[in-house]
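These notes concern the structure reproduced below.
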Amino acid sequence: MPINAGEICNREVVVVYRDTSLLAAAQLMREHHVGSLVVVADRGAERVPVGIVTDRDLIVAVAAKGMDLRTVDVGEVMSPDLYTVREQDSVTDVLRLMRERGVRRLPVVTPTGALAGIVTIDDVLDIVAEQLDDVVRAVGRERA
């Protein structure tokens, strides 16, 4: 049975809202040792991902555009096109979407679209490395 996104994702996601200042976002990244924050909107009791902001987005906003971290909101610099995967999507599907869209992080959503976690390229590479190790061991046993 294939491993799915829900099994490998990190369920402890650091989130912000569109109106969070870039300074507060940067502080959250530092405090939680993460390179991205999922931007969410509340929908009833659920948090729905609407964007993502990365450490690179902050650098580009500040260095290239000369913006003030204290006066600019996350919504002004977050990536506008958000790609997500469902908990039941296979690791192969996750990797395919990352490759097609050129992204390294994908929010994982429940069947209702609520944020369930985040999966990174590193998470996927860990699984692929384990599977390759299994293949190497099987070939090694066959030789013996």
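Between M67, M78, which is in contact with a helix residue (DSSP H, G or I) (Cβ under 6 Å, 6 or more places away or on another chain) and of a type outside the set (K, R)? Show your work before the answer.
Details: M78 fails: in contact with a helix residue (DSSP H, G or I) (Cβ under 6 Å, 6 or more places away or on another chain).
After ruling out the rest, the residue left standing is M67.
Filter the range 111-144 down to residues that are more than 19 Å from V34 (Cα to Cα) and in contact (Cβ under 8 Å) with a residue 24 or more places away in the chain and give me whichever is most open to solvent (accessible area, probe 1.4 Å).
Filtering the range 111-144 for residues more than 19 Å from V34 (Cα to Cα) gives 111-114, 127-144.
From the residues that got through so far, the ones that are in contact (Cβ under 8 Å) with a residue 24 or more places away in the chain too are 111-114, 127-128.
Numbers: P111: 117, T112: 80, G113: 20, A114: 10, I127: 21, V128: 46 Å².
The residue in question is P111.
How about the range 75-95: which of its residues are β-branched (V, I, T), within 16 Å of the chain's Cα centre (by Cα) and open to solvent by less than 30 Å² (accessible area, probe 1.4 Å)?
Correct list: V85, V91, V94.
So, restricting to helices (runs of 4 or more DSSP H) that lie completely within the range 11-113, which ones have at least 2 residues that are farther than 27 Å from D126 by Cβ and touching a strand residue (DSSP E or B) at 6+ places or on another chain (Cβ under 8 Å)? Working first, answer last.
On the way: elements: 22-32, 55-59, 91-101.
The helices (runs of 4 or more DSSP H) meeting that bar are 22-32.
Are any residues in the range 55-74 open to solvent by 50 Å² or more (accessible area, probe 1.4 Å) and among the small types (G, A, S), and if so, which ones?
Correct list: A63, A64, G66.
Take V139 and tell me if it is β-branched (V, I, T), in a helix (DSSP H, G or I) and over 14 Å from the mean Cα position of the chain (by Cα).
Values: β-branched (V, I, T): yes; in a helix (DSSP H, G or I): yes; over 14 Å from the mean Cα position of the chain (by Cα): yes.
So V139 fits the description; yes.
Counting only residues that are touching a strand residue (DSSP E or B) at 6+ places or on another chain (Cβ under 6 Å) and open to solvent by 50 Å² or more (accessible area, probe 1.4 Å), which one in the range 1-10 is modelled with the highest pLDDT?
Ranking the candidates gives N10 first.
Across the range 28-49, what is the number of residues that are more than 12 Å from the chain's Cα centre (by Cα), open to solvent by less than 50 Å² (accessible area, probe 1.4 Å), closer than 16 Å to I118 by Cβ and in contact (Cβ under 8 Å) with a residue 24 or more places away in the chain? I'd like the intermediate steps shown before the answer.
Keep residues of the range 28-49 that are more than 12 Å from the chain's Cα centre (by Cα), which gives 28-33, 40-48.
Then keep just the ones that are open to solvent by less than 50 Å² (accessible area, probe 1.4 Å); that gives 28-29, 40-41, 48.
Next, only the ones that are closer than 16 Å to I118 by Cβ stay: 28-29, 40, 48.
So of that shortlist, the ones also in contact (Cβ under 8 Å) with a residue 24 or more places away in the chain come out as 29, 40, 48.
Qualifying residue count for the region: 3.
Looking at the range 69-81, I want the residues that are β-branched (V, I, T) and have a partner that is open to solvent by 40 Å² or more (accessible area, probe 1.4 Å) and outside any loop (DSSP other than H, G, I, E, B) with Cβ atoms under 9 Å, at least 6 apart or on another chain. Which pairs are those?
Close Cβ pairs (under 9 Å, with a partner that is open to solvent by 40 Å² or more (accessible area, probe 1.4 Å) and outside any loop (DSSP other than H, G, I, E, B)) amount to T71/L23; V72/L23; V72/V62; V77/V60.
The values are calculated or read from the model by the stated rules, or taken from the named source; none is laboratory data. This one's a predicted model, so the numbers in the text were calculated from it and none came from an experiment. Every residue, glycine as well, gets a Cβ built from its backbone with ideal geometry; the counts of neighbours run over all protein chains shown. The area values use the complete protein model at the heavy-atom level, side chains included, leaving out ligands, DNA and RNA. Shrake-Rupley method; radii C 1.70, N 1.55, O 1.52, S 1.80 Å.
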